[in-house]
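Everything on this sheet refers to the single structure shown next.
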Amino acid sequence: MDQDEFEEQYPEIASLLGDDWWSKADTHHQVYFSVVMDNWRGLDYYSRLIGRTPAEEIATEYENDLYSMRGFDSFFSELIGYVATERWLCDDPGVLDVKGTTGLPEYGCEDLDVEVACIRESQETKRIRVHLAEELNCEYKPVIRKKHAYNNYASNGESWAENERQVDEVIDEIGSLSVNDLPVTVETDAFEVEVLEPDSGELGGIIQSGLVGITPDENEKIPGNVRQKAAKQRGERPLIVFIDMKIETVHSVEEVVEKVIGEPYGYASEDDVEVSSAVQDATSVWENYLTEVGAIPGGFDRTYPAIRPGDEGVFASDDVSGVAGVMVRFSHNEVAYVPNVYTDDVDAKGVFNQLGWGLDTRSLKPSDI
């Protein structure tokens, strides 16, 4: 698929991106990548999402920035956040944060507001695939092996920049290719790239070499975004922070609980248990939930879990007391909700009861749109 075919088949996407987006777009921009790789399923998904949401109104906040990967990522997350808000929090949420406004949350319901955050990981390896697609006007099979030197979960500026450098290096090594060059193998410190003929009998794909240790949200993106977004809370209206997690290092409700409520510690003896005073203060309202997440003893495990003094999460901070909870969409398309058990400033328990999810999740995958 080329630019003209894309704009003819998906005018609703093209019109949002702007007239000159194709020449300015990052090569790993989601739409650019989908066009070059003939990923019509991805483009159909974007089209459905635009049709389901007030996308044009939301896009005014991103004027002249949707061609960038960061801008489109954030815009896309706001569309997902709108769908989640409409599905689980209120009918017909109002779009508040548009061009010409400042300090407003993304969406307003009758009794609460929603602010959207997007947490991203590096997607630099897509640039290798785009380079091959643009160089080779023929059938081929790419096998891209990522070595230990490549940080598959880069999500901060320094590690992301190193990924960019490593991908630039392998693209330079690949250089110009034609069908007459196949098969070809290029190797750097971070990658081994094989470009095979289509009848080679091997499967193409991206492979991670060896085992890699994963620390959930190592760069504290969840607490950081909660603190940043808390400023959008208005008066006594509860604010829900919807986080679209485009990262693979956080997979479960429990991992989010550790960041926002606190990390439970398993005591061997009940006599040794120390419970945070902030958790104790919340027990009268949240006892069942705190027991369920291991913040206080009382479950059926042989150990005695508790959040110790000093191990509380970001919700224990006074500067986020207007946040009623976080709604998180994981990279596997399940959505979870974790309440702010520490606050008395807004009706966090009312929002939690309205949802009634507990530790369960709900699906929000492309086919649900």
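The values are calculated or read from the model by the stated rules, or taken from the named source; none is laboratory data. Please read all numbers here as calculations on a predicted model, not as lab measurements. Virtual Cβ from ideal backbone geometry, glycine too; neighbours counted across all protein chains shown. The accessibility values were calculated without ligands, DNA or RNA, using every heavy atom of the protein model including side chains. Shrake-Rupley method; radii C 1.70, N 1.55, O 1.52, S 1.80 Å.
Given a cut-off of under 8 Å on Cα pairs at least six residues apart, what relative contact order in percent is computed for the chain?
14 percent
Sort S15, S284, S252 from largest to smallest accessible area, using a 1.4 Å probe on the heavy atoms of the protein chains.
S284, S15, S252
Give me the percent of DSSP beta bridges within the chain that run antiparallel, rounded to the nearest 5. Don't jump to the answer; show the numbers that get you there.
Details: 25 of 43 bridges.
Antiparallel bridges make up about 60 percent of those DSSP assigns within the chain.
Send over the per residue convex hull volume for the chain, Cα only, as a whole number of Å³.
On the way: hull volume 58.7 nm³, N = 369.
In the chain, the Cα hull volume divided by residue count equals 159 Å³.
Take D20 and S277, extend 7 Å from each Cα along the Cα→Cβ direction, and tell me the distance between the two endpoints in nm.
Result for the modelled spin labels: 6.1 nm.
Based on Cα positions only, what radius of gyration and what Dmax would you give for the range 7-87, in angstroms?
11.9, 37
Counting only protein heavy atoms and a 1.4 Å probe, tell me what percentage of the range 123-196's accessible area is made up of carbon and sulfur. The partial results should precede the final answer.
Numbers: 1350 of 3590 Å².
On the range 123-196, the fraction of accessible area on carbon and sulfur atoms equals 38 percent.
Treating only the Cβ of Lys, Arg, Asp and Glu as charged (+1, +1, -1, -1), what charge dipole size does the range 1-98 show about its Cα centre? Round to the nearest 20 debye.
With only Lys, Arg, Asp and Glu charged at Cβ, the dipole is about 440 debye.
Taking the dipole about the Cα centre of the range 1-52, with the C-beta of Lys and Arg at +1 and of Asp and Glu at -1, give me whichever of Y46, P11, S34 is farthest to the positive side.
Comparing the listed Cα positions along the dipole, Y46 ranks first.
Show me, bin by bin at 10 Å from 0, the whole-percent P(r) of the range 123-196 based on Cα pairs.
19, 54, 22, 5
Where the eigenvalues come from the Cα gyration tensor of the range 1-52, what are the semi-axes √(5λ) of the equivalent ellipsoid, largest first, in whole Å?
With the √(5λ) rule applied to the range 1-52, the semi-axes are 15, 13, 10 Å.
Would you mind checking which residues have amide H under 5 Å from E106's amide H? H placed 1.01 Å from N; only 5 or more apart, or other chain.
V114, E115, V116
Treat every Asp and Glu Cβ in the chain as -1 and every Lys and Arg Cβ as +1, leave all other atoms uncharged, and give the resulting dipole magnitude about the Cα centre to the nearest 20 debye.
Dipole size: approximately 460 debye.
Charges at C-beta only: +1 for Lys and Arg, -1 for Asp and Glu. How large is the resulting dipole of the range 62-140 about its Cα centre, in Debye rounded to 20?
The calculated dipole for the range 62-140 is roughly 420 debye.
What does the helix-only formula give at 222 nm for the chain: each DSSP H stretch with n ≥ 4 adding -39500 (n - 2.57), the total divided by the residues, and the result rounded to the nearest 500 deg cm²/dmol?
Numbers: 13 runs with 133 residues, N = 369.
The helix contribution divided over the chain gives -10500 deg cm²/dmol.
Leaving ligands, DNA and RNA out of it, report the carbon-plus-sulfur percent of the accessible area of the range 1-52 at a 1.4 Å probe.
For the range 1-52, the apolar C and S fraction of the accessible surface comes to 43 percent.
Determine the per residue accessible area of the chain with all protein chains present and a 1.4 angstrom probe, expressed in square angstrom.
47 Å²
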